[in-house]
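> Pasting a structure here, questions to come.
Derivation of every value follows stated rules applied to the coordinates shown; laboratory data play no part. In this text the structure is predicted, and so the values were computed from the model without any measurement. Positions of Cβ are backbone-derived with ideal geometry, glycine not excepted, and every protein chain shown enters the neighbour counts.
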Amino acid sequence: MKKTLLILIGAVVLIGFSLVGTYNGLVQQDQAITNQWAQVETQYQRRFDLIPNLVNSVKGLFNQEQEVFGQIAEARTRYSGAQTVDEKAAAAGEVESALGRLLVIVENYPQIKSDQAVMGLMDELAGTENRVSVERRRFNDLVQGYNTKIKQFPTNLIVGMLGFSERAYFEAVEAAQQAPEVNLGE
């Protein structure tokens with residue numbers, strides 16, 4: 001009887017340690033994802049800090065593309081008001097789309113393209129876009145590891161009880177699949 005009781009207590013202790021280990025591992029992965037999203041947002045902020053300088057430089061040289069400038073401002077405002085990762089990702093996609101149209105304008109006008117301030121800002125922006133891409137990829141890698149973990153047996157049996165759920169990947173908005181169209185003949 002004592003032996004059975006000791007075995008039962010040992011099994012309960014092992015299961016308890018296993019649950020604690022699983023919980024702590026999931027907390028660690030969840031926090032890593034949250035931290036990585038903060039890195040993505042840091043790069044977005046860098047981008048948003050550069051955009052007004054680029055827009056103002058281009059505005060000073062070429063004043064006909066007010067629609068694109070307005071779209072950039074609106075998209076930045078939507079990003080500022082976004083609450084969730086999905087809302088922020090969608091707003092960031094809108095910024096990228098409007099920014100793409102602005103870059104087409106810059107490429108098509110030699111007087112803008114030749115301005116050193118604009119070119120310096122465009123180089124900074126290109127570097128920032130690369131950083132954003134890297135941070136998004138890292139975010140998605142962490143989400144993949146976490147989502148895989150919570151779907152594997154036996155973790156999948158207890159994640160709901162522990163308060164964990166699947167995390168969303170960062171996905172490009174549908175508009176990002178199309179090249180921006182700018183009609184410069186008007």
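> Along the Cα→Cβ direction, 7 angstrom out, place labels at Ser133 and Ser165. What is the inter-label distance in nm?
3.3
> Kindly provide the Kirkwood hydrodynamic radius of segment 2-151 in Å, to one decimal, from all pairs of distinct alpha carbon atoms. Could you put the intermediate results ahead of the total?
On the way: mean 1/r = 0.0543 Å⁻¹.
One decimal place: 18.4 Å for the Kirkwood radius.
> Here's a follow-up. Using +1 at the Cβ of each Lys and Arg and -1 at the Cβ of each Asp and Glu in segment 2-151, identify which of Gly21, Thr77, Met122 lies farthest towards the dipole's positive end.
Gly21
> Still on this structure: At what distance in angstrom do the alpha carbon centres of segment 11-43 and segment 72-109 lie from each other?
32
> Arranged by the count of other C-beta atoms within 10 angstrom, fewest first, what order do Met119, Met161, Met1 take? Don't skip to the end; give the middle numbers.
Details: Met119 14, Met161 9, Met1 5.
Going from least to most buried by this count: Met1, Met161, Met119.
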